[in-house]
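Structure, as structure tokens:
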Amino acid sequence: LFKNNLIKGGDLDNAIIIVEHHVPQSELDRLADIFKVNTLERAPEGYLNDRLHKTVVKDPMRFKLIRQAFDLFLTGEYSVQAILRIMNEDWKYKTVKRSKIGGKSMSRSTLYHMFRNVRYAGSVPDPYDPDRFYKASFPPMITPDEYDRVQTLLGTKGCPRLASRKQFALRGFIK
């Protein structure tokens with residue numbers, strides 16, 4: 001609709017959007033640029049979308065628990081499975097309840113995704129350039145050094161560390 005000049009004005013507060021299929025994140029980012037909003041994605045665990053100000057804010061109930069999960073993992077004494085058990089059984093952690101999903105215990109894949117997500121370190125990856133990061137508009141949960149340590153503890157299946165993504169002029173020149 002935008003490409004065909006059928007959208008003339010307004011904002012997302014009075015828009016009705018019906019989606020009949022999965023929309024990739026790159027398309028959501030493109031739409032966010034068109035409508036001049038920060039994000040169209042769901043906030044990560046431990047954060048909430050503030051629809052009034054169109055930002056991401058700390059979740060008062062879950063932010064500290066997620067931070068404690070990172071702290072437990074950073075000690076190196078707890079496995080991901082042990083942290084998952086602590087969160088679900090001891091802390092009675094429940095995900096955010098949305099219209100059709102949430103309100104349940106955290107899954108192992110969600111916990112791994114959290115530990116791999118660079119957004120918790122205050123960086124947002126560029127959807128068009130995987131080597132470029134932007135400073136997040138929301139408060140980081142962990143430092144970039146802590147993120148690198150988590151990736152090291154996760155091992156080779158974790159995401160590349162932030163330090164390994166630096167740009168060098170002669171990278172790949174010498175083989």
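The values are calculated or read from the model by the stated rules, or taken from the named source; none is laboratory data. Predicted model, so just to flag it, every value in this text is computed and none were measured. All Cβ positions, even for glycine, are placed from backbone atoms using ideal geometry, and neighbour counts span all protein chains on display. Protein only, heavy atoms only, side chains kept; ligands, DNA and RNA dropped before computing areas. Shrake-Rupley method; radii C 1.70, N 1.55, O 1.52, S 1.80 Å.
Annotations for the structure displayed:
- Residue count, segment 150-168 (criterion: at pLDDT 85 or above and touching a Lys or Arg at 6+ places or on another chain (Cβ under 9 Å)): 4
- Any hit, segment 101-114, residues being without any contact (Cβ under 8 Å) to a residue 40 or more places away in the chain, open to solvent by 40 Å² or more (accessible area, probe 1.4 Å) and touching a strand residue (DSSP E or B) at 6+ places or on another chain (Cβ under 6 Å): no
- Test: residue in segment 32-40 that is of a type outside the set (D, E, K, R) and modelled with pLDDT of 90 or more: no
- Take the conditions (1) more than 15 Å from the chain's Cα centre (by Cα); (2) open to solvent by 20 Å² or more (accessible area, probe 1.4 Å); Ala69 misses just one of them, which is (2).
- Test result for Ala82, among the small types (Gly, Ala, Ser), crowded, with 17+ Cβ neighbours inside 10 Å and over 16 Å from Asp148 (Cα atoms): no
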